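Below you'll find the structure, written out as structure tokens, and then a few comments.
The values are calculated or read from the model by the stated rules, or taken from the named source; none is laboratory data. No experiment lies behind these values; they were computed from the predicted model shown. Ideal geometry is used to build each Cβ from the backbone, glycine not excepted, and the neighbour counts take in all protein chains shown.
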């Protein structure tokens with residue numbers, strides 16, 4: 001399976017999703033290395049249920065932020081883990097996604113006081129072409145039905161193929 005980290009910049013307007021796909025070769029960027037480091041940490045975490053009101057508040061804030069950017073519904077209660085890195089408290093939450101395949105099978109949220117990362121687990125080979133990448137974003141990112149304001153998104157995807165896993 002492939003994991004994708006999405007960074008989205010939003011501004012209110014009546015536009016559509018604009019998607020720019022750039023093939024990347026050579027050495028991995030610092031951003032990609034940091035994303036890979038986060039994913040490795042996520043794989044080592046011990047998941048549990050929400051226990052404290054503060055944890056619930058952070059999860060609800062992440063859920064509300066998610067709903068502002070992404071269309072697929074996320075399931076009920078996520079499993080969570082907490083950790084501290086360089087003196088910064090981090091809450092990581094993992095939801096199982098619905099079976100429609102739009103957002104993949106799993107959503108992981110890595111939440112720090114400064115930024116929230118949404119990490120989607122997509123089916124293997126689901127991004128085999130630029131058209132497939134565009135189709136995923138067009139289904140995943142757009143205004144929620146029934147809202148009066150449409151949000152415009154710019155998605156910049158740098159795509160690189162891992163030489164070992166392809």
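Take the residues of region 141-157 that are in contact with a helix residue (DSSP H, G or I) (Cβ under 9 Å, 6 or more places away or on another chain) and crowded, with 16+ Cβ neighbours inside 10 Å: which is modelled with the lowest pLDDT?
Start the filter on region 141-157 by keeping residues that are in contact with a helix residue (DSSP H, G or I) (Cβ under 9 Å, 6 or more places away or on another chain), which leaves 141, 144, 151, 153, 155, 157.
With the extra rule that they be crowded, with 16+ Cβ neighbours inside 10 Å, the set shrinks to 141, 151, 153, 155, 157.
On the way: 141: 80, 151: 55, 153: 61, 155: 73, 157: 76.
So, considering only residues that are in contact with a helix residue (DSSP H, G or I) (Cβ under 9 Å, 6 or more places away or on another chain) and crowded, with 16+ Cβ neighbours inside 10 Å, the one modelled with the lowest pLDDT is 151.
Select from region 91-100 the residues that are touching a residue at least 24 places away in the same chain (Cβ under 8 Å) and either in a loop (DSSP other than H, G, I, E, B) or out of contact with any strand residue (DSSP E or B) (no Cβ under 7 Å at 6 or more places or on another chain) (or both) and list them in ascending order.
Answer for region 91-100, where residues must be touching a residue at least 24 places away in the same chain (Cβ under 8 Å) and either in a loop (DSSP other than H, G, I, E, B) or out of contact with any strand residue (DSSP E or B) (no Cβ under 7 Å at 6 or more places or on another chain) (or both): 97, 98, 100.
Do we have residue 82 as in contact with a helix residue (DSSP H, G or I) (Cβ under 9 Å, 6 or more places away or on another chain) and either under 13 Å from residue 120 (Cα atoms) or touching a residue at least 60 places away in the same chain (Cβ under 8 Å) (or both) here?
The answer is no for residue 82.
Within region 1-39, count every residue that is under 27 Å from residue 85 (Cβ atoms) and modelled with pLDDT under 60.
Result for region 1-39: 10.
Has region 83-101 got any residue that is farther than 20 Å from residue 47 by Cα and modelled with pLDDT of 85 or more?
There is at least one residue in region 83-101 that is farther than 20 Å from residue 47 by Cα and modelled with pLDDT of 85 or more.
I'd like to know if region 108-120 contains one or more residues that are at negative phi and modelled with pLDDT under 85.
Yes, region 108-120 contains at least one residue that is at negative phi and modelled with pLDDT under 85.
Among the residues of region 64-90, which ones are within 27 Å of residue 136 (Cα to Cα), touching a strand residue (DSSP E or B) at 6+ places or on another chain (Cβ under 7 Å) and not in a loop (DSSP other than H, G, I, E, B)?
65, 66, 69, 79, 80 - these are the residues of region 64-90 that are within 27 Å of residue 136 (Cα to Cα), touching a strand residue (DSSP E or B) at 6+ places or on another chain (Cβ under 7 Å) and not in a loop (DSSP other than H, G, I, E, B).
Could you list all residues from region 62-80 that are under 20 Å from residue 52 (Cβ atoms) and crowded, with 17+ Cβ neighbours inside 10 Å?
Matches in region 62-80: 62, 78, 80.
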